[in-house]
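Visitor: If you scroll down you'll find the structure; I have some questions about it.
The values are calculated or read from the model by the stated rules, or taken from the named source; none is laboratory data. Computed from a prediction, not measured in an experiment: that's the story for all the values here. Ideal geometry is used to build each Cβ from the backbone, glycine not excepted, and the neighbour counts take in all protein chains shown.
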Amino acid sequence: MIDSTLIRDLYRHMEWADALVWHAVPGLEDPAPDNRLHGLLYHLHFVQRAFLQVWKVDAVPPYAPDQVPTLRDARVWARSYYRDLAEFLTTLNGKDLGATLEVPWASMFDEQLGGSAAPTTFGDTLLQVAYHSQYHRGQVNARLRELGADPPLVDYIAWLWLSRPAPAWLDG
């Protein structure tokens with residue numbers, strides 16, 4: 001059973017890890033960033049935001065990486081998600097995490113899945129965002145290494161061993 005305390009813990013880790021990764025991103029001022037790095041970071045944060053919109057029963061904006069053309073813009077946009085998320089997470093205690101939640105884009109994966117997507121719960125989607133973010137954060141770290149940067153250790157266990165530190169976002 002998915003529990004709201006675990007979810008809040010996973011999301012505190014997620015923000016800490018995202019902030020740490022952004023510390024390692026080179027070229028925040030570059031108007032022509034590394035396209036692969038920009039694409040990975042945009043996708044990671046777009047999906048976080050898209051699920052938040054679904055949870056709040058709001059419209060999901062279109063996928064538009066050009067809306068955040070520089071890495072600095074992408075970082076500011078990513079950080080703003082966590083401000084919006086913090087308010088939402090305070091409502092988890094009153095929500096039924098086992099309730100079925102329709103994900104608007106699930107049918108896009110029917111062919112890849114070899115059939116129709118089975119129903120998912122609100123709690124399942126909360127876990128999905130944390131896991132999806134970790135997956136793509138790993139891709140970002142691999143790309144950072146390819147670019148000569150030193151990617152940070154962002155494992156959940158490292159966060160626990162560090163006594164669950166708060167995120168340390170860069171200014172701006």
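Visitor: Regarding Asp3, is this residue of a type in the set (D, E, K, R), touching a residue at least 12 places away in the same chain (Cβ under 8 Å) and surrounded by 21 or more Cβ atoms within 10 Å (Cβ to Cβ)?
Guide: Taking the combined requirement at face value, the residue does not satisfy it.
Visitor: Taking the stated definitions as given, is Gln53 without any contact (Cβ under 8 Å) to a residue 24 or more places away in the chain and either among the hydroxyl-bearing types (Ser, Thr, Tyr) or over 15 Å from His23 (Cα atoms) (or both)?
Guide: Yes: the conditions hold for Gln53.
Visitor: Taking the criterion of being farther than 18 Å from Gln48 by Cα, in a loop (DSSP other than H, G, I, E, B), without any contact (Cβ under 8 Å) to a residue 60 or more places away in the chain and not hydrophobic (A, V, I, L, M, F, W, C), would at least one residue in region 75-94 satisfy it?
Guide: No: zero hits.
Visitor: Among the residues of region 55-74, how many are in a helix (DSSP H, G or I) and loosely packed, with under 12 Cβ neighbours inside 10 Å?
Guide: 1
Visitor: In this structure, is Leu40 surrounded by 12 or more Cβ atoms within 10 Å (Cβ to Cβ), assigned to a helix (DSSP H, G or I) and touching a Pro at 6+ places or on another chain (Cβ under 8 Å)?
Guide: No: the conditions fail for Leu40.
Visitor: Could you tell me whether region 127-139 includes any residue that is surrounded by 15 or more Cβ atoms within 10 Å (Cβ to Cβ) and more than 29 Å from Asp34 (Cα to Cα)?
Guide: Yes, some residue in region 127-139 is surrounded by 15 or more Cβ atoms within 10 Å (Cβ to Cβ) and more than 29 Å from Asp34 (Cα to Cα).
Visitor: Now a separate question. Among Gly123, Gly115, which is the only one that is surrounded by 11 or more Cβ atoms within 10 Å (Cβ to Cβ) and of a type outside the set (S, T, N, Q)?
Guide: Gly123
Visitor: Right, another one. Show the residue pairs that are 6+ apart or on different chains and have beta-carbon atoms under 6 Å apart, the first residue being within region 56-73 and among the basic types (Lys, Arg), the second being surrounded by 11 or more Cβ atoms within 10 Å (Cβ to Cβ).
Guide: Pairs that qualify, where the first residue is among the basic types (Lys, Arg) and the partner is surrounded by 11 or more Cβ atoms within 10 Å (Cβ to Cβ), are Arg72/Leu28.
Visitor: In region 85-95, is there at least one residue being over 23 Å from Tyr156 (Cα atoms), surrounded by 14 or more Cβ atoms within 10 Å (Cβ to Cβ) and out of contact with any strand residue (DSSP E or B) (no Cβ under 6 Å at 6 or more places or on another chain)?
Guide: yes
Visitor: Determine which member of the set Ala17, Ala50, Ala24 is surrounded by 15 or more Cβ atoms within 10 Å (Cβ to Cβ), modelled with pLDDT of 95 or more and closer than 16 Å to Pro167 by Cβ.
Guide: Just a single option satisfies the conditions, and that option is Ala17.
Visitor: A further question on this structure: In region 39-58, which residues are charged (D, E, K, R) and within 9 Å of the chain's Cα centre (by Cα)?
Guide: Arg49
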